[in-house]
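Peer 1: Sharing a structure here in structure tokens format.
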Amino acid sequence: KYTSTLHAIGIANKLELRLFDNSFLESFTVCFWWLVPLVWLPIVIWGFITALKAGLPAPFFFIPFYVLIGGLSWGLIEYTLHRYLFHLEPQSYLMNGFHFMIHGQHHVNPMNPRRLVFPPTGALPIVILGYLFITSICPYCFAVAHFAGGLLGYILYDLTHFYLHHGNPTSGILKQLKTHHVIHHFKNPNANYAISLFALPYDWLFGTWVVDENKSK
């Protein structure tokens, strides 16, 4: 079975896996971690400035509020994508290939430093859809602030993911997040879908928070 074989061979190494023979196509599947804030942080700043210009009231309240609410909104997207798309059960050879490209290769090659964050080209459709959705249902000043907070949550997610694989936290929330993610990779791939702090409540809410192989929190 594809998924059981996939997780059985997952090893902590830095081998360079290629997804495409064509170097141009391959370049769209890898990304250095620092490109994430470089590309997206200016848009976060634009979003909050635009919200203020559009009439966002009480900015000292609403900007922190939308950092939190936007972050939790991203956390739900993060959790949903990871659980239901990245860990779907492929039912065909074609779907096996699709799954391996979007996430399976990460479980086989979890320490590859250029496959730990989303390339901007891959994240762009989600960013655009998020912007169009939120601005269609909320007054613009609140919507664009919510969008900026959500995009900031996404940036923190990607940077957290990179750090959990290559950092060595010794205490605090980052150590707890690393332990949480290590369990997902090496003990139970069907649990602990949260990576960022914003997604952690959803593991608890939906009963997928596992603290060891036999005990759920």
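The values are calculated or read from the model by the stated rules, or taken from the named source; none is laboratory data. Since the structure is predicted, the reported quantities are computational estimates derived from the model, not experimental observations. Because the Cβ atoms are built from the backbone with ideal geometry, glycine has one as well, and the counts that use them run over all protein chains shown. Areas reflect the complete protein model, heavy atoms only, side chains present, ligands, DNA and RNA absent. Shrake-Rupley method; radii C 1.70, N 1.55, O 1.52, S 1.80 Å.
Peer 1: Output the residues belonging to the stretch 36-74 that are part of a helix (DSSP H, G or I) and small (G, A, S).
Peer 2: G47, A51, G70, G71, S73
Peer 1: Right, something else. How many residues are among the aromatic types (F, W, Y) and open to solvent by 60 Å² or more (accessible area, probe 1.4 Å) if we restrict to the stretch 83-92?
Peer 2: Narrowing the stretch 83-92 to residues among the aromatic types (F, W, Y): 84, 86.
Filter once more, so that each one left must be open to solvent by 60 Å² or more (accessible area, probe 1.4 Å): 84.
Qualifying residue count for the region: 1.
Peer 1: Quick one: in the stretch 153-173, of everything that is touching a residue at least 60 places away in the same chain (Cβ under 8 Å) and open to solvent by less than 40 Å² (accessible area, probe 1.4 Å), which residue is nearest to S196 (Cα to Cα)?
Peer 2: Here the answer is Y157.
Peer 1: In addition: In the stretch 18-55, which residues are without any contact (Cβ under 8 Å) to a residue 40 or more places away in the chain and among the hydroxyl-bearing types (S, T, Y)?
Peer 2: S23, S27
Peer 1: Please verify whether the stretch 109-116 includes one or more residues that are part of a helix (DSSP H, G or I) and in contact (Cβ under 8 Å) with a residue 60 or more places away in the chain.
Peer 2: no
Peer 1: Does T121 count as farther than 13 Å from G70 by Cα, open to solvent by less than 30 Å² (accessible area, probe 1.4 Å) and of a type in the set (V, I, T)?
Peer 2: no
Peer 1: Looking at the structure I just gave you, is W74 under 22 Å from L159 (Cβ atoms), open to solvent by 30 Å² or more (accessible area, probe 1.4 Å) and touching a residue at least 40 places away in the same chain (Cβ under 8 Å)?
Peer 2: No, not satisfied.
Peer 1: Picking from L25, L52, L38, which residue would you name as being open to solvent by 60 Å² or more (accessible area, probe 1.4 Å) and under 19 Å from the mean Cα position of the chain (by Cα)?
Peer 2: Testing whether each residue is open to solvent by 60 Å² or more (accessible area, probe 1.4 Å) and under 19 Å from the mean Cα position of the chain (by Cα) leaves just L38.
Peer 1: Taking the stretch 93-116 as the region of interest, how many residues are more than 20 Å from the chain's Cα centre (by Cα) and open to solvent by 50 Å² or more (accessible area, probe 1.4 Å)?
Peer 2: 3
Peer 1: Please verify whether I134 is touching a His at 6+ places or on another chain (Cβ under 9 Å), of a type outside the set (G, A, S) and modelled with pLDDT of 95 or more, treating the condition exactly as stated. Show your work before the answer.
Peer 2: Numbers: touching a His at 6+ places or on another chain (Cβ under 9 Å): yes; of a type outside the set (G, A, S): yes; modelled with pLDDT of 95 or more: yes.
Yes, satisfied.
Peer 1: Kindly establish whether L197 is in a helix (DSSP H, G or I) and not small (G, A, S).
Peer 2: For L197, the condition - in a helix (DSSP H, G or I) and not small (G, A, S) - is not met.
Peer 1: Are any residues in the stretch 29-80 over 18 Å from V127 (Cβ atoms) and among the small types (G, A, S), and if so, which ones?
Peer 2: Those that are over 18 Å from V127 (Cβ atoms) and among the small types (G, A, S): A54, G55, A58.
Peer 1: Can you give me the number of residues within the stretch 185-194 that are modelled with pLDDT of 95 or more and not in a loop (DSSP other than H, G, I, E, B)?
Peer 2: Residues in the stretch 185-194 being modelled with pLDDT of 95 or more and not in a loop (DSSP other than H, G, I, E, B): 0 in total.
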